[in-house]
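These notes are about the structure you will find just below.
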């Protein structure tokens, strides 16, 4: 338990201080978007992955690249296109010849996925065969090529982006792959004052000098700390109750759930609700999460795990509307 382990208590205090510094450094480049930054940091500390949805020009790429600089992690951007092949992501074997012995051999050349932070840009632009190349990497933190498994560097964090406007020529992610993402985040337009600041910064000679706040070893230590955070039984029951209530065939399903949902959230949603609550609590310097921490994670965790039916679509009801209604029911 954290309260009994002096080292863990010091780690929580250290983490809260470090995250505050990370936010300060990011603010030198990224104007506003504080909620999105908070959620990305929570996913990163939880050892999860994020799906970031937003129109072009909202600095999605800049946000991830700046984060990798502040955390002193290796960054890799993969631009997903219709002609992208799985080997373009994972890497490929090439035939080489030893000049001394004239013997030929295969050598594996690592692909761009061998980095700490991966930006999978416009992931829905590539066919499912290539999309699936990320599945093993995201779940197992390894890839397999020619029957040989290769471990990916730790920590390993995937942030995939999607453009919600242009859907022509896209390949929607299947539910099995969507479920691998801890959070589904929607990046909105900046407010008026923030946009003024953005224009000032980007149309002048302003150049931010970023300080490296965290390294990979510290981040891994914090991810291990999350696993040791104690959670009260009533908080765990609350998280599981939320997931259960999204399932239309559950005994205690609410009328609007039965009317609007085809498939609800699976057990992974309950796991991510607790992990997010744990991370949020220690980032804020608290040693155990509460029910409000779980509620905080409801929208990003459930948004892509609730499948609405035709009745909901006909009434203009989205998964976000259902989550908000469910949250009101829980209050």
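Out of the residues in the range 51-62 meeting the condition of being buried (at least 23 other Cβ atoms within 10 Å of the Cβ) and either modelled with pLDDT of 85 or more or not assigned by TED's automatic domain parsing to the domain that holds residue 188 (or both), tell me which one is farthest from residue 302 (Cα to Cα).
52
Among the helices (runs of 4 or more DSSP H) confined wholly to the range 212-298, which include 2 or more residues that are modelled with pLDDT of 90 or more and closer than 30 Å to residue 69 by Cα?
Because the criterion is at least 2 residues that are modelled with pLDDT of 90 or more and closer than 30 Å to residue 69 by Cα, the helices (runs of 4 or more DSSP H) in the range 212-298 that meet it are 216-228, 267-283.
Take residues that are more than 18 Å from the chain's Cα centre (by Cα) and tell me which of the helices (runs of 4 or more DSSP H) falling wholly in the range 30-98 contain 1 or more.
It comes to 86-90.
Return yes when residue 316 is touching a residue at least 60 places away in the same chain (Cβ under 8 Å) and outside any helix (DSSP H, G or I) and no when it is not.
It is false that residue 316 is touching a residue at least 60 places away in the same chain (Cβ under 8 Å) and outside any helix (DSSP H, G or I).
Those residues that are part of a helix (DSSP H, G or I) and either surrounded by 16 or more Cβ atoms within 10 Å (Cβ to Cβ) or touching a residue at least 60 places away in the same chain (Cβ under 8 Å) (or both), I need them from the range 150-194; list them, please.
175, 177, 178, 194, listed by residue number.
Which of the residues belonging to the range 319-331 are touching a residue at least 24 places away in the same chain (Cβ under 8 Å) and touching a strand residue (DSSP E or B) at 6+ places or on another chain (Cβ under 8 Å)?
322
If you take the residues in the range 299-309 that are touching a residue at least 60 places away in the same chain (Cβ under 8 Å) and in a helix (DSSP H, G or I), which one is farthest from residue 50 (Cα to Cα)? So that I can check it myself, show each step before the final result.
Narrowing the range 299-309 to residues touching a residue at least 60 places away in the same chain (Cβ under 8 Å): 300-307.
Checking which are in a helix (DSSP H, G or I) leaves us with 300-302.
Working: 300: 9, 301: 10, 302: 13 Å.
Applying the filter and picking the extreme gives 302.
The values are calculated or read from the model by the stated rules, or taken from the named source; none is laboratory data. Here the structure is a predicted model, which is why all the values come from computation and not from measurement. Reconstructed Cβ throughout: ideal geometry from the backbone, glycine too, with neighbour counts over all protein chains shown.
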